[in-house]
1. Below 8 Å between Cα atoms, with a sequence gap of 6+, how large is the relative contact order for the chain in percent?
2. For segment 1-71, what does the relative contact order come out to in percent, with C-alpha contacts under 8 Å and a separation of six or more?
3. Mind listing which trypsin sites (Lys or Arg not before Pro) in segment 24-123 are in a DSSP loop and have 11 or fewer other Cβ atoms within 10 Å?
4. Using the heavy atoms of the protein chains and a 1.4 angstrom probe, tell me the accessible area per residue for segment 1-114 in square angstrom.
5. Let me know the number of lysine pairs in the chain closer than 26 Å at the Cα, not counting same-chain pairs under 8 apart.
6. Ignoring ligands, DNA and RNA, what percent of the accessible area of segment 31-123 is carbon or sulfur (1.4 Å)?
Amino acid sequence: QVQLVESGGGLVQAGGSLTLSCAASGSILSINAMGWYRQAPGKQRELVAIMNSGGSANYADSVKGRFTISRDNPKKTVYLQMNSLKPEDTAVYYCNSDVTYYSSSYVVTNNYWGQGTQVTVSS
């Protein structure tokens, strides 16, 4: 099976920086889009940033110019560098990816979520 494991969340003061990492593991053939979503208390989960396998990225307007998504394809890892953090960035951040893998001799593509990592920005 495939797992996405996130790390790097924590507590930071406004204006500070954090870097999130998400590593995929399993019998993976290829990884297509990899992205980050977040969900604040009482709000819907929203897209933060996403990058396709070719390296093209899209960002939510609220994070453009402050956050940078990148990926290391050999390491099957996606990163989210977050700078100039604001209290409104406080949320649980989730990694998401479309993964193609072997399952009982079949090739399968599924969408996976990580377990989430808390980011708290104090004012």
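1. 36
2. Reported as a whole number, the value is 21 percent.
3. Passing sites in segment 24-123 are Lys43, Lys64, Lys75.
4. Accessible surface, normalised per residue, equals 52 Å².
5. 5
6. The value for segment 31-123 is 46 percent carbon and sulfur by accessible area.
The values are calculated or read from the model by the stated rules, or taken from the named source; none is laboratory data. A quick note: this is a predicted structure, and the numbers were derived from the prediction, not measured. Cβ: placed from backbone, ideal geometry, glycine included. Neighbour counts: every protein chain shown. Note: areas computed on protein heavy atoms with side chains; ligands, DNA, RNA excluded. Shrake-Rupley method; radii C 1.70, N 1.55, O 1.52, S 1.80 Å.
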